[in-house]
Every structure is written in C-alpha cells, then in structure tokens.
Amino acid sequence: MNEFASFQNIRNVYCVGRNYRLHAAEMGNEVPTSPMLFTKPTHAVVPLDGRPVLLPGAFGSVHYEAELVLLIGKAYEPGMKADDLIVGFTVGLDLTLRDVQDKLKAKGQPWLAAKGFRSSAPIGRWMAFPGEAALSEADFGLRINGREAQRGNVRDMVFGLQQLVEFTGKHYGLGPGDVLFTGTPQGVGALQDGDMLEVRWNEESVGTATIKLEA
C-alpha cells in the first residue's frame, strides 16, 4: 500500500449515485438501470486524520453520505476481475451541498458546484483489499458525535463491485491511483458546525475529523 500512501498519487475520483435502494427511496429518486457516475476533483480528497475538515457553510445544508471507497491498482482491460484491479479500500464521505444540488437538478445542470467543492471527499486510512467476497462479511458506517448515523454493506448495493469496475473501466477508464466511491446507504443528513465524525469498518475506526463550517 506504500505506493498509494500519499494523496498526491490519487488520479481520478469516480462516485456512484443511487446505488442503494433505500437511499434512493429516501431521496425520492428512482433506482437507476445502469450505474450513475459523476466525478469530483482530486482537490476534494482530504484525510480523515483527526484534523478539522473545513467546509462551506454559506450555501445551505451540507449533507454527509458515508461510502465504501475503492483504490484501483492496475489499468483496466476488458474481462478483468474486480479482485485483480482493486488493491485497497477504506470508508469515506461524499459530502454534498444539498440545497445547491436541488437547484441544479431542477435546472438540469451539472452537479459540480454541489459535489466537487474542496474537502468534499474526505477518506479514512487505506486498508488492503481482501477480495469482493470477504468485503461483504462486514459492515461500514459513520458515527456522528458518538452515535451511529449510517450503516451499510456491499451486499445491499444495486450494482456490485464487478459491475462497477466493468462499467467505469469500459466507459471512462480505470488505472492506478483512481478511486471509486461506491454509493451510500440510507440515513444521510445535514452536518452541524463542530460535529465529530468517525468512519468505521467492521466496528473499528478508520478515520475521524471535526467539522468546521465556514461562513
């Protein structure tokens, strides 16, 4: 994992929308028939290493969306298995300016302003990828101020890891240093200034931060 220890090695940041049925339902959205992808700039990625995460607080609510995040270690070629492409994983947050997103969606405009702002993709520490089958044996989640806010498992995804890497690799390309946010389970909500966040994998902490909303 040392070759990807620095965030400077991250290349493309892909995110999957509406990949959990209950989350799609809570947002009033239809479940897609094929993976729905968007991207974030690499400047959105910050470590959940105990330091404060500074977020824009002047544009309405900032929502948390806890997700399992994959790290790609090889260039995608047709027919490759997810287990051969993925070298690491962690738990991260797809942070969203929800009021901004609602306005953009109503106008049919791109989501960059709502999804791609600085520090909108904080992630925990990387762990060695154990294989797709083993990944389904544990839950991931988010605690806010010590209370569980979200819990998910890859078993509940609409599109599994193999489908996601095949779709992304075929249509957009995948290579070493790319990361893939795989979608959030139900339970998203707004962050408050001073909230203490902890992302967890298999009941263990893999990252923490305190939220600071800037006016």
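Quick note: the coordinates plus some simple rules give every number you see, no bench work behind them. Quantities reported herein were computed from a predicted structural model and do not represent experimental measurements. FYI the Cβ positions are ideal-geometry reconstructions off the backbone, even for glycines, and counts take in every protein chain you see.
Once every DSSP H run of n ≥ 4 in the chain is given -39500 (n - 2.57) and the sum is divided by its residues, what mean residue ellipticity at 222 nm do you get, rounded to the nearest 500 deg cm²/dmol?
Values: 6 runs with 39 residues, N = 215.
Roughly -4500 deg cm²/dmol at 222 nm, from the helical runs in the chain.
Give me the dipole magnitude in Debye, nearest 20, for the chain about the Cα centre, with unit charges on the beta carbon: positive for Lys and Arg, negative for Asp and Glu.
Details: 21 positive and 25 negative charges, 118 e Å.
Computed about the Cα centre, the dipole is about 560 debye.
Report the per residue volume, in Å³, of the convex hull enclosing the C-alpha atoms of region 108-192. Please report the intermediate quantities before stating the final value.
Working: hull volume 13.8 nm³, N = 85.
Looking at region 108-192, the number lands at 163 Å³ per residue.
Filter 74/115; 81/105; 40/107; 74/105; 170/212 down to the pairs with a C-alpha to C-alpha distance above 30 Å, please. Display every interim value, and only then the final one.
Values: 74/115 26 Å; 81/105 34 Å; 40/107 20 Å; 74/105 34 Å; 170/212 39 Å.
In this structure, 81/105; 74/105; 170/212 exceed 30 Å between Cα atoms.
Please give the contour-minus-distance gain from residue 77 to residue 113: 0.36 nm per residue of separation, less the Cα-Cα distance, rounded to one decimal in nm.
On the way: separation 36, 0.36 × 36 = 12.96 nm, distance 3.22 nm.
Full-extension gain reported as 9.7 nm.
Once phi is turned into ³J(HN,Hα) by the Karplus curve 6.51 cos²θ - 1.76 cosθ + 1.60 with θ = phi - 60°, what whole-Hz value does each residue of region 30-35 show in order, with x for glycine and proline?
6, 6, x, 8, 8, x
Go through region 198-215 residue by residue and turn each phi into a ³J(HN,Hα) via Karplus (6.51, -1.76, 1.60, θ = phi - 60°); whole Hz please, and just put x for glycine and proline.
Those phi angles translate into 9, 8, 9, 10, 6, 6, 10, 6, 10, x, 9, 6, 10, 7, 10, 8, 9, 6 Hz.
Which FRET efficiency value, to the nearest 0.05, is calculated for residue 138 and residue 214 with the Förster distance at 41 angstrom and r the Cβ-Cβ distance?
Working: r = 35 Å, r/R0 = 0.85.
For R0 = 41 Å, the calculated efficiency reads 0.70.
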